[in-house]
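Below is one structure, written out as C-alpha cells; comments come after it.
Only the coordinates and a few stated rules stand behind these numbers; no lab work does. Note that this is a predicted model, so its numbers are computed, not measured. Using ideal geometry, Cβ is built from the backbone for each residue, glycine included, and neighbour counts are taken over all protein chains shown.
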Amino acid sequence: MFFNKLISSSQMKNLIIHEVENYKISLRTKGKSVPIYLIEDEEIIITNVDVSLILNAYIDESFTDFDLYYIIDAMLLSSKMIFDNECIVDLIETFTDPEINGMFTKDKAKEVLMQFTLAPS
C-alpha cells in the first residue's frame, strides 16, 4: 500500500510499529533471531522511485532508523518483491544491519538519493 501510494509513510509506520519494536529489541539481544512479519499477497516491483520514497520518508523523519532497517529486511526476505535491477538490491542491502554496515544516516540517505534519482530505473 505504501509503494502504491495508498497510505502515507506515517500510516505505514503506524501499521508496523509493534513489529519494529520487537525487531529493535531482538537486534539488541546477541544470538536471538530477529522476527520479520510478511504479508505476501501480491508481487511488487521495486524501482528507483520506490527506493526514493523510502529514503525521503527516512530523511523527513517519518521513518526512524529501525523502521528503515525493518522495511528493507522485509523487502529482501519477501519472495513477492521483484527488484527492477540488481543495483537496487545491492544498494538497499547497505541500508540495513547496522552491526555490519554501520548506522545509516540522513547524510548517507541524501547522498544515495542524489545519485540514485539520477540513475534510470
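Note on D97 and N14: their simple-model spin labels are 3.4 nm apart, each label 7 Å out from Cα toward Cβ. Among L68, L53, L77, which one shows the highest mean-square fluctuation when the chain is modelled as a Gaussian network with alpha-carbon springs under 10 Å? Among L68, L53, L77, the largest GNM mean-square fluctuation belongs to L77. Between E61 and V49, full extension at 0.36 nm per residue minus the direct alpha carbon distance yields a gain of 2.5 nm.
Mean separation of Cα pairs under 8 Å and 6+ residues apart, divided by the residue count of the chain: what relative contact order is that in percent? Walk me through the numbers before you get to the answer.
On the way: 113 pairs, mean separation 34.6, N = 121.
Rounded, it is 29 percent for the chain.
Can you give the Kirkwood hydrodynamic radius of the stretch 45-112 from its Cα pairs, in Å with one decimal? Walk me through the numbers on the way to the answer.
Numbers: mean 1/r = 0.0832 Å⁻¹.
When all Cα pairs of the stretch 45-112 are included, the Kirkwood radius is 12.0 Å.
Leaving out same-chain residues fewer than 8 places away, which lysines sit with a Cα under 24 Å from that of K5? Within the straight-line limit of under 24 Å, K5 reaches these lysines: K13, K80, K106, K110.
Dividing the convex hull volume of the Cα atoms of the stretch 1-86 by its residue count, what figure in Å³ per residue is obtained?
Details: hull volume 8.9 nm³, N = 86.
Each residue corresponds to 103 Å³ of Cα convex hull volume.
Between I59, I82, I25, the GNM of the chain built on Cα springs shorter than 10 angstrom shows I25 fluctuating the most.
Residues considered: E86, E61, E21. Largest GNM mean-square fluctuation over the chain, using C-alpha springs under 10 Å, is found at E86.
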